[in-house]
Amino acid sequence: MNTFEASYRNLHTTGELAQRVSAAQARQHACDLCGRSCGADRYVEPGSCRMRTRAWVSSYGPHHGEENPLRGSKGSGTIFFSSCNLRCCYCQNADISQKVSGMEVDAQELAAIMLSLQDKGCHNINFVSPSHVTAEILAALLIAAQLGLHLPLVWNTGGYDSMSSLTLLDGIIDIYMPDMKYADADIASRLSGITDYPRINQQAVREMHRQTGDLILDERGLAQRGLLIRHLILPGNLAGTAQIMRFLAEEISVDTYVNLMEQYRPCYQAHTQPPLDRTPTQQEFKRAHRDASAAGITRLDQRTSSLRFF
Ligand code: SF4
């Protein structure tokens with residue numbers, strides 16, 4: 001039994017959670033619920049994310065491959081959503097992110113999935129690629145909270161989140177886990193088909209940290225609340241690691257919990273965009289770790305810190 005009182009329990013009790021659901025659903029008439037702000041009326045036609053007003057779930061279950069503070073001994077309760085608001089040409093999950101597939105779910109069904117993960121003993125509910133289904137998640141959460149959901153929620157996002165969406169999530173999400181993919185807008189546009197990524201991403205990270213602060217772990221080492229950054233090291237320093245680490249250290253906190261991810265492999269259309277057609281070299285991994293260290297970042301994920309080369 002998790003003794004932590006998840007943030008949304010309070011908002012559910014006061015009726016604020018129900019109001020957030022209505023507000024999120026209203027925004028889908030001219031949608032600005034992710035960084036694209038494409039303005040689609042999702043009650044009439046899909047947005048740029050291919051979504052209307054129902055979420056599609058690709059898979060769900062206890063996940064034991066997430067960061068240690070999330071997986072613990074019983075796993076993180078991951079729910080993988082189909083489609084995405086990004087178009088990364090090297091996507092490692094293109095089979096689910098670049099089309100609509102899996103199982104279309106209504107709010108009742110999505111709530112039942114959340115509760116089933118809690119029943120399995122998972123330590124948290126981990127929404128993977130949730131930005132484009134913010135309203136659908138909130139509607140399901142309202143039902144799940146009524147039925148006793150109490151686990152902390154993880155917003156596991158590509159980091160292209162709008163302020164509209166994050167305002168709706170304030171006091172609901174306990175653990176924000178955004179990617180910081182790029183420091184350069186032109187590279188983001190070329191590789192992920194999005195505009196203004198660094199500005200929108202950094203604004204989102206500031207807001208996430210304002211809402212939840214640095215990552216807090218309980219006595220078991222499990223995440224309870226706060227910010228956890230994922231940064232995928234790309235070949236040719238396409239991710240701009242040094243700039244991103246400096247941003248985190250200087251504008252967020254040197255105690256930001258950072259996972260420097262080393263699992264890049266050429267996937268999907270990566271062969272069309274050299275140097276994405278190769279894995280990063282050992283020298284590039286070393287450089288990324290040095291960049292984090294030089295910026296003053298103090299909390300690297302255990303698995304990445306164990307791979308330090310110096
Ligand atoms: S979530 Fe983003 S891409 Fe999807 S409809 Fe809304 S603004 Fe457009």
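The values are calculated or read from the model by the stated rules, or taken from the named source; none is laboratory data. No experiment lies behind these values; they were computed from the predicted model shown. All Cβ positions, even for glycine, are placed from backbone atoms using ideal geometry, and neighbour counts span all protein chains on display.
Give the range 89-112 a look and list any residue that's under 16 Å from residue 127 (Cα atoms) and either within 17 Å of the chain's Cα centre (by Cα) or acidic (Asp, Glu) (or both), or say none.
Scanning the range 89-112 gives 93, 96, 97, 104, 106, 109.
Condition check ((1) modelled with pLDDT of 95 or more; (2) within 16 Å of the ligand (Cβ to nearest atom); (3) part of a helix (DSSP H, G or I); (4) within 16 Å of the chain's Cα centre (by Cα)) across all residues:
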{"position": "1", "(1), (2), (3), (4)": "no, no, no, no"}
{"position": "18", "(1), (2), (3), (4)": "yes, no, yes, no"}
{"position": "26", "(1), (2), (3), (4)": "yes, yes, yes, no"}
{"position": "39", "(1), (2), (3), (4)": "yes, yes, no, no"}
{"position": "62", "(1), (2), (3), (4)": "yes, no, no, no"}
{"position": "79", "(1), (2), (3), (4)": "yes, no, no, yes"}
{"position": "87", "(1), (2), (3), (4)": "no, yes, no, yes"}
{"position": "114", "(1), (2), (3), (4)": "yes, no, yes, no"}
{"position": "118", "(1), (2), (3), (4)": "yes, no, yes, no"}
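Can you tell me which residue among 62, 46, 69 is buried (at least 19 other Cβ atoms within 10 Å of the Cβ) and more than 30 Å from residue 278 (Cβ to Cβ)?
69
Going by the structure shown, is residue 147 under 22 Å from residue 27 (Cα atoms) and of a type outside the set (Asp, Glu)? Lay out the reasoning, then the answer.
Values: under 22 Å from residue 27 (Cα atoms): no; of a type outside the set (Asp, Glu): yes.
No: the conditions fail for residue 147.
Return the residues of the range 120-131 that are within 12 Å of residue 57 (Cα to Cα) and outside any loop (DSSP other than H, G, I, E, B); say none if nothing qualifies.
The answer is 127, 128.
Please count how many residues of the range 47-60 are touching a residue at least 24 places away in the same chain (Cβ under 8 Å) and within 11 Å of the ligand (Cβ to nearest atom). Break it down into steps so the answer makes sense when it comes.
Kept after step one, since they are touching a residue at least 24 places away in the same chain (Cβ under 8 Å), are these residues of the range 47-60: 47-51, 53-60.
Then keep just the ones that are within 11 Å of the ligand (Cβ to nearest atom); that gives 47-51, 53.
The number of residues fulfilling the criteria is 6.
Tell me, yes or no, whether the range 197-210 has at least one residue that is free of Cβ contacts under 8 Å to residues at least 12 places away in the same chain, on the phi < 0 side of the Ramachandran plot and under 17 Å from the mean Cα position of the chain (by Cα).
Looking through the range 197-210, at least one residue is free of Cβ contacts under 8 Å to residues at least 12 places away in the same chain, on the phi < 0 side of the Ramachandran plot and under 17 Å from the mean Cα position of the chain (by Cα).
Please specify each residue of the range 90-112 satisfying the condition of being of a type outside the set (A, V, I, L, M, F, W, C) and assigned to a loop (DSSP other than H, G, I, E, B).
The answer is 90, 92, 93, 98, 99, 101, 102, 106.
Would you please name the residue that is farthest from residue 237 (Cα to Cα), looking only at residues in the range 286-299 that are out of contact with any Phe, Trp or Tyr (no Cβ under 7 Å at 6 or more places or on another chain) and crowded, with 19+ Cβ neighbours inside 10 Å?
Per the criteria, the residue is 297.
Residues that are part of a loop (DSSP other than H, G, I, E, B), away from the ligand (no atom under 16 Å from the Cβ) and buried (at least 21 other Cβ atoms within 10 Å of the Cβ): does the range 4-16 have at least one?
yes
Matching residues to (1) touching a helix residue (DSSP H, G or I) at 6+ places or on another chain (Cβ under 7 Å); (2) outside any loop (DSSP other than H, G, I, E, B); (3) surrounded by 23 or more Cβ atoms within 10 Å (Cβ to Cβ):
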residue: 231; (1), (2), (3): yes, yes, yes
residue: 239; (1), (2), (3): no, no, yes
residue: 242; (1), (2), (3): yes, yes, no
residue: 246; (1), (2), (3): yes, yes, no
residue: 258; (1), (2), (3): yes, yes, yes
residue: 267; (1), (2), (3): yes, no, no
residue: 277; (1), (2), (3): yes, no, no
residue: 283; (1), (2), (3): no, yes, no
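Answer yes or no: is there a residue in the range 114-129 that is free of Cβ contacts under 8 Å to residues at least 40 places away in the same chain, of a type outside the set (Phe, Trp, Tyr) and closer than 20 Å to residue 11 by Cα.
yes
From the list 241, 279, 167, which residue is free of Cβ contacts under 8 Å to residues at least 60 places away in the same chain, among the hydroxyl-bearing types (Ser, Thr, Tyr) and closer than 17 Å to residue 90 by Cα?
On inspection, the qualifying residue turns out to be 279.
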